[in-house]
Amino acid sequence: MIEVEKITKVFHNGWSRKQNQLVLDDVSFSLLPGKTFGLMGRSGIGKTTLGRVVAGLVKPSSGEVYFHGKNIFDMNRQEWLIFRRKVQMLFQDPQGSLNPKKRIENSLHDVLNLIKIPFNRRREMIDDVFQVVGLSADFLTRYPSQLSGGQNQRVALARILLLKPEYIILDEPTSALDISVQAQILNLLRELQQTHGLGYLFITHDLEVIRYMSHTIGVLGNGTLNIVKEDIHAR
Amino acid sequence: MSLLTIEGLEVTFENLTGNVRAVQNISLQIHDQETMALIGETGCGKSVVAQAILQLLPGNARLSGTILFNNRNLLQLNEREMASLRGKEIAIIFQNPSLALNPVYTIGWQVGEPFRIHQNFDRKRSLQEARSLLAQMKFEKPHSAVKMYPFEFSGGMNQRVLIASALALHPLLLIADEPTRGLDRELIDEIIPLLDLSRKKYASSLFLITHDLTVAREISDRISVMYSGEIIEQASASVFFHKPLHPYSQGLLGSLPENGFHPIPGHSPSMIDFIAGCQFHPRCSWANDRCRREKPGEYLIDGQRVRCFRYDRG
Amino acid sequence: MKRYVLNRRKYLWWFGGALFLFFIILAVFSSSIAPYHPRERFEPFVSPSQKHLWGTNDIGNDIFSEFVYGSRVSLLVGLFTGALSTSLGVVIGLIAGFHSGFFDEVLMGLTDVVLMIPRIPLIIVLSAFLRPNMWLLILVMSILWWTSTARVIRSRTMQIRAMSFVESARCLGFSNRHIVFSEVLPNIFMVVIPEFLLTVASAMISETSLSFLGLGDPSLKSWGTMIHFAFQRGGFLNGMWWWYIPPGLGITFFVMSIVFLSFSFEEGEFELKEEVKDVSFNN
């Protein structure tokens, strides 16, 4: 379980106090395994910033994020490495998540190198994860620019799944995709949640999408988070 | 009355690795005083059609077919003739509004540009016209807006600026290439009605190119659906959204949020993939042997055109 | 429009490349190409003749041989300075661009200070106190010439760092070291090459200029030295153009070929992208 407690984030846009921007103000919520917390709000309101704080990529001005009971900003190296693997983030821009100069297979092998998977098991793992996200093996030798937005998002997901995460923070994962491809990716994400028990923080500005994906919905406005719907079962 | 008639348009790109057929045998008509939506996914070639009309394609593009506009075949005009057409008789708005505007010139300067180029207005007068245009685009303070720079405006505001600039000279045809890509639902709801109203007031017809069916539904009179370089269905908007004929069209409507986000299996072919027979058959639940071998022609069913063997009554 | 760019790049590449190759062959195979050893003495002040293609200089060395061997000096000084200063510039640029804040401020401050140092005058002053020597020249130039590279690399690194795939890499758990070498570096590579080439060109011109002023390494005969002696020993006054025109043209064309190559690389960045993807997916 991930508990987000009283996160406040101030952006200092200059030297004077007047230029400070209070983006997040005392925000608290939880992420549960196998459930989706939908984070809604207008563009630019700070949803991405909150996502990045929960992912541990940005330090808040105050507040804590507890992963399995331990504050992520106060972990030792061991605990941090585990957190880093278990909590992942999927970004909005499908063309940007992958290094444009690397072939898809190289991007995947990088991750396998990182978690020190022996060579003889790699092919199998890649095949497995590609099957789960619905990609064929001939995409491996291509460059990201040769794949469509939807396909690139699948590759990004595949890469994340190699780490066997527990939680994924999804920052507008389908906003840049065509409506028909959006349906595919959303359904894939729901399937994955079922089969792998993943917890999601789903960030979006789209009302229909958030209703389709979330168990609990929170709306971010003026820095504060309002939880509007808890534990929706009817979907 | 047909304003724009595209007949048998084919666009092929010549690359180092071979030729790529982006658009195959497209025929469609845009009438006076109507909004025609060209619906399709990224990579189906719809932007290529828009760019072909205005001859904005890169140097390695080979075109064949005819594009008749006001009884002139646009594909046969030279660059100078096309340049006098662009902005004046046919205007275009592209996807990313912030990129389409020059960051070092003020909004007023850029909106006034069509007046200076095509009608030889001087700076003062073109600025005046720009101010009135911005007022009509629902900008609250046009006097200060004209002095501002693109980076000071949001994406939605910049898009309105571009619409203003495109409609400045009351073009006969306005082409909008994915005008709502990347915008919030809220913004889309602001811009689309504005686009519709503006077109009715200042231009004659709108050629709306988009992947977003809800946007198309809101303001179009007629729909054309494009898949993998071909037009596979054409109908009036009301008929189309009520009863789409082509399996792909049906799939598209099924993936809408209001219909439950039902995805179409498989993925759209990229321009370099080669598929025999009907382009859609690998993803079609109805596909039979004929679909795998032969390319379907266009069939006419009660005013609707479909490119699918299912409707072959012959 | 695209057609024109495509062709121009080809012309720059072929012309620049051919010319560059010509000089490289000259430098590498000097001993086979030059008819005599550059220090072998014959009758001085001979005009171009069958025996001496470009005549002889004031102490009787065959000018053509001097010219051929002179290409080596220019090439060596250029390449070494290029390699050292580009490496230095890349390291500084990468660190400054990747770790903004304190490191960035300090390194950019350092860059500004180094930029203020007048290059050629400094070398002249140093030559007054130390014996002019090719390696010293290379060392001093390397310490001064890295600034433009550092700035360009820093810029590019900051651009890359803002891209999602770098954030993705951080999120997946890659170390900073991996990110810099494996994610960022391949994306700045295409920018490094033109910088390297231009540094080489600049170093070559500087070496020639300094040698012309008489501050070059006297034990080596560079083109600049040739022109220097032509000037000093009456070559100009006596209209012995075969003495000073060849080395002048030599340095001009050698540098030009390098600059053309670097231009073709800059345009080449776009070309590579076209080849990597068959056609843009968003058409």
From the list A:112, A:163, A:147, which one is more than 23 Å from residue A:51 (Cβ to Cβ), touching a residue at least 12 places away in the same chain (Cβ under 8 Å) and in contact with a Lys or Arg (Cβ under 7 Å, 6 or more places away or on another chain)? A:112
Tell me which helices (runs of 4 or more DSSP H) are completely within the range C:124-199 and hold 1 or more residues being within 14 Å of another protein chain (Cβ to nearest Cβ) and at pLDDT 90 or above, or say none if there are none. C:147-161, C:164-172
Looking at the range A:91-134, which of the residues that are exposed (fewer than 14 other Cβ atoms within 10 Å of the Cβ) and of a type in the set (D, E, K, R) is nearest to residue C:169 (Cα to Cα)? A:116
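Report whether or not residue C:156 is of a type in the set (D, E, K, R) and touching a helix residue (DSSP H, G or I) at 6+ places or on another chain (Cβ under 6 Å).
yes
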Looking at the range C:200-233 only, could you name the residues that are among the aliphatic types (A, V, I, L, M) and not in a helix (DSSP H, G or I)? C:213, C:215, C:220
Provide a single number: the residues in the range C:180-216 that are free of Cβ contacts under 8 Å to residues at least 24 places away in the same chain, surrounded by fewer than 20 Cβ atoms within 10 Å (Cβ to Cβ) and more than 24 Å from residue C:118 (Cβ to Cβ). 4
Of all residues in the range B:253-285, which are under 30 Å from residue B:18 (Cβ atoms) and within 21 Å of the chain's Cα centre (by Cα)? B:268, B:269, B:270, B:271
For the range B:137-159, does any single residue satisfy the condition of being surrounded by 19 or more Cβ atoms within 10 Å (Cβ to Cβ) and of a type in the set (Val, Ile, Thr)? yes
Residue among B:116, B:80 that alone is within 25 Å of the chain's Cα centre (by Cα), in a helix (DSSP H, G or I), without any contact (Cβ under 8 Å) to a residue 24 or more places away in the chain and farther than 21 Å from residue B:181 by Cα: B:80
Within the range B:77-98, can one find any residue that is within 12 Å of chain C (Cβ to nearest Cβ), at pLDDT below 90 and touching a strand residue (DSSP E or B) at 6+ places or on another chain (Cβ under 7 Å)? yes
Can you confirm whether the range B:29-37 contains a residue that is within 14 Å of chain C (Cβ to nearest Cβ) and over 13 Å from the mean Cα position of the chain (by Cα)? no
Scan the range B:111-134 and give yes if some residue there is touching a helix residue (DSSP H, G or I) at 6+ places or on another chain (Cβ under 8 Å), of a type outside the set (S, T, N, Q) and within 14 Å of chain C (Cβ to nearest Cβ), otherwise no. no
Pair list, Cβ under 8 Å, 6 or more apart: the range C:56-69 residue over 19 Å from residue C:234 (Cβ atoms), other residue polar (S, T, N, Q) and modelled with pLDDT under 90: C:68/C:30; C:69/C:30
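Being within 13 Å of chain B (Cβ to nearest Cβ), over 17 Å from the mean Cα position of the chain (by Cα), within 16 Å of residue A:94 (Cβ to Cβ) and of a type in the set (Gly, Ala, Ser) narrows it down to one residue among A:136, A:180; which is it?
A:180
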What are the residues in the range B:38-59 that are facing chain C (nearest Cβ under 7 Å) and either assigned to a loop (DSSP other than H, G, I, E, B) or closer than 14 Å to residue B:268 by Cα (or both), if any? B:42, B:43, B:45, B:58, B:59
For the range B:153-245, which fully contained strands (runs of 3 or more DSSP E) count at least 1 residues that are within 13 Å of another protein chain (Cβ to nearest Cβ) and either within 13 Å of residue B:34 (Cα to Cα) or under 16 Å from the mean Cα position of the chain (by Cα) (or both)? B:173-177, B:205-210, B:222-227
Residues in the range A:7-59 that are more than 16 Å from the chain's Cα centre (by Cα), within 22 Å of residue A:214 (Cα to Cα) and charged (D, E, K, R): how many? 1
Just checking, does the range B:86-93 include any residue being buried (at least 17 other Cβ atoms within 10 Å of the Cβ) and without any contact (Cβ under 8 Å) to a residue 24 or more places away in the chain? no
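The values are calculated or read from the model by the stated rules, or taken from the named source; none is laboratory data. The model shown is predicted, which means the values in this text are computed figures rather than measured ones. Cβ atoms come from the backbone with ideal geometry, glycine included; neighbour counts cover every protein chain shown.
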